[in-house]
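The values are calculated or read from the model by the stated rules, or taken from the named source; none is laboratory data. Here the structure is a predicted model, which is why all the values come from computation and not from measurement. Cβ placement follows ideal geometry from the backbone for every residue including glycine, while neighbour counts extend to all protein chains displayed. Surface areas here come from the heavy atoms of the whole protein model, side chains and all, with no ligands, DNA or RNA. Shrake-Rupley method; radii C 1.70, N 1.55, O 1.52, S 1.80 Å.
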Amino acid sequence: MSDTAAQSTKQNPLQFVSDALNDLRAKGVAPKLRVLQGEQKTHADFDGKEVINLASNNYLGLTTHKALKRAAIEAVRKYGAGAGAVRTIAGTMKLHMDLEEQIAKFKNVDACVVFQSGFTANAGTVSAILGKEDLIISDELNHASIIDGARLSKATIKVFRHKDTADCERILQETADWKGHKLIITDGVFSMDGDIAPLPQLCDLAEKYNCIMMVDDAHSSGVLGRGGRGTIDHFNVHGRVHIQVGTLSKAIGVMGGYVCGSRDLIDFLYLRARPFLFSTSHPPASAASCAAAFTLLDSPEGERLVKKLWANTKFFKRELKKRGFQFKTSETPIVPIHVGEAAKAYEFSKKLFEAGVFAPAVGYPTVAEGKARLRAIISAAHKRDELLKAADILAEVGKTLGVV
């Protein structure tokens, strides 16, 4: 028998991966990646087809803003294409320190550290400050990065029902004698339903039971609060949240994440947050364009963009309701259209795309089984005629599938 024939008779140790993939495809829940050709705009070319884009987290349209592009180009010319090292060796540039100071001032805190992504900001922070003797009290719909950070910390994890502060207090009462540190953690805006955390009440509980209070503001930075300062500003709970996490890849329009808090917290994360320690720092273009975005937000133009985002959001939701759609939980530009069955949600998204609207389906494991939905996200850059056309197409396709 030849070597090739002998190899072909051997069992493939990764066959289980192929089997699982084929099973997902057979169930209709294995969509291919859509490929963007050109800029991330509200009317964009995906897979060679022009569609109205309701899929992007680009809340303020900053991915293509001339100020961000100009800052990126100037930074490349002056500093090169890359930073060349991790932050703790030779990769900390003045651009990075200036950006952190700018964000800290914007968020009204002492200090800030920038991470390579929002995911690593959450996961790296929780796992750095807590250990196996500690306790984490977490909302059941918190983002995967919070869940992974909690698991990495090896702390005990207690989950309270979504936005249920009474259930959160029940856990705190049951663990009142806990010897280690305690952390209450929540998303500011929940990414799948677009609802807002009951932050003032959670702050009350954190103070009553001597807990660290941590908020992931990924979907509220650039959306809620003055000029997009987030849920802490929205609820005016400045000084009551010990750790604020945000992203640079959604409303800010670039990439990365950040953590804000006390000077000691940030200095500690410089030394102990593993993603920060073991990842090369932001390239100059990214750091400079993020700085340009925060300069923009902290200006009259930034205020106008946030107002336009909310005007578009109210307009689109009103038009969808006229066409029979219901989304009771959404309080933000995230518009979930609940379908239930995952295969049906993916079919809905596919037919919408064919009709000229890109609104991606979201199924398990991103959401629970049986709770699949489409998620539309509104931008300040959307034009009214785009939103009207998208609403018409959503209604037409939704009716053919019995969604509306």
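Just to be sure I understand: of the beta bridges DSSP finds with both ends in the range 155-305, what percent are antiparallel, rounded to 5? The partial results should precede the final answer.
On the way: 5 of 13 bridges.
In the range 155-305, approximately 40 percent of DSSP beta bridges are antiparallel ones.
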For the range 271-282, Karplus-derived ³J(HN,Hα) couplings (6.51, -1.76, 1.60; θ = phi - 60°; whole Hz; x for glycine and proline) come out as 9, 10, 7, 4, x, 5, 5, 10, 10, 4, 6, 3
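So what is the 222 nm mean residue ellipticity for the chain from helices alone, if each DSSP H run of at least 4 adds -39500 (n - 2.57) and you divide by all residues, rounding to the nearest 500 deg cm²/dmol?
Values: 15 runs with 175 residues, N = 404.
Taken over the chain, the calculation gives -13500 deg cm²/dmol.
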Mind checking which of 75, 242, 381 is farthest towards the positive end of the chain's charge dipole, using Cβ charges of +1 (Lys, Arg) and -1 (Asp, Glu) about the Cα centre?
381
Going Cα to Cα from residue 49, which lysines come in below 24 Å? Please leave out same-chain ones fewer than 8 positions away.
32, 41, 250, 344, 350, 351, 383, 389, 399
Once phi is turned into θ = phi - 60°, what whole-Hz ³J(HN,Hα) does the Karplus curve with 6.51, -1.76 and 1.60 give for every residue of the range 12-27, x standing for Gly and Pro?
7, x, 9, 4, 4, 5, 4, 5, 5, 5, 4, 5, 5, 5, 5, 7
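Just for the chain, what percent of DSSP beta bridges are antiparallel, to the closest 5?
Numbers: 24 of 43 bridges.
Expressed as a percentage, antiparallel bridges in the chain total about 55.
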If one computes the Cα centroid of the range 167-201 and of the range 91-114, what distance in Å separates the two points?
27 Å
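Counting only other residues whose beta carbon sits under 11 Å from that of residue 236, what net charge do I get with K and R as +1, D and E as -1?
Values: positive: 226, 229, 240; negative: 233.
Net of charged neighbours comes to +2.
Leaving ligands, DNA and RNA out of it, report the carbon-plus-sulfur percent of the accessible area of the chain at a 1.4 Å probe. Before the final figure, lay out each step's value.
Details: 9940 of 19010 Å².
Heavy-atom surface of the chain belonging to carbon and sulfur, 1.4 Å probe: 52 percent.
Per 0.36 nm of contour for each residue apart, how much would the distance between residue 226 and residue 310 grow if the chain were fully extended, relative to their Cα-Cα spacing? Write down the numbers at each step before the final one.
Numbers: separation 84, 0.36 × 84 = 30.24 nm, distance 1.27 nm.
Computed gain between residue 226 and residue 310 is 29.0 nm.
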Size of the dipole of the chain about the Cα centre, Lys and Arg at +1 and Asp and Glu at -1 on the beta carbon, nothing else charged, in debye to 20?
880 debye
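With only alpha-carbon atoms in the gyration tensor, what are the semi-axes of the equivalent ellipsoid for the range 248-404, in Å, largest first?
Working: eigenvalues 252, 90, 38 Å².
Over the Cα atoms of the range 248-404, the semi-axes work out to 36, 21, 14 Å.
So what are the chain's ellipsoid semi-axes, whole angstrom, largest first, if each one is the square root of 5 times an eigenvalue of the alpha-carbon gyration tensor?
So the three semi-axes of the chain are 32, 28, 26 Å.
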Extension gain (nm, one decimal) between residue 157 and residue 280, 0.36 nm per residue minus Cα-Cα:
41.2 nm
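With a 1.4 Å probe and all protein chains left in place, how much accessible area per residue does the chain have, in Å²?
Details: 19010 Å² over 404 residues.
So the chain comes to 47 Å² accessible per residue, rounded to a whole number.
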Tell me the label-point distance for the pair residue 12, residue 262, using the 7 Å Cα-to-Cβ offset, in nm and rounded to one decimal.
5.5 nm
Near residue 328, which aspartates and glutamates are there with a Cα under 14 Å away, not counting those fewer than 8 places off in the same chain?
193, 195
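Can you give the FRET efficiency for residue 384 and residue 21, using 1/(1 + (r/R0)^6), R0 = 35 Å, r = Cβ-Cβ distance, to the nearest 0.05? Working shown, then result.
Values: r = 42 Å, r/R0 = 1.19.
So the FRET efficiency works out to roughly 0.25.
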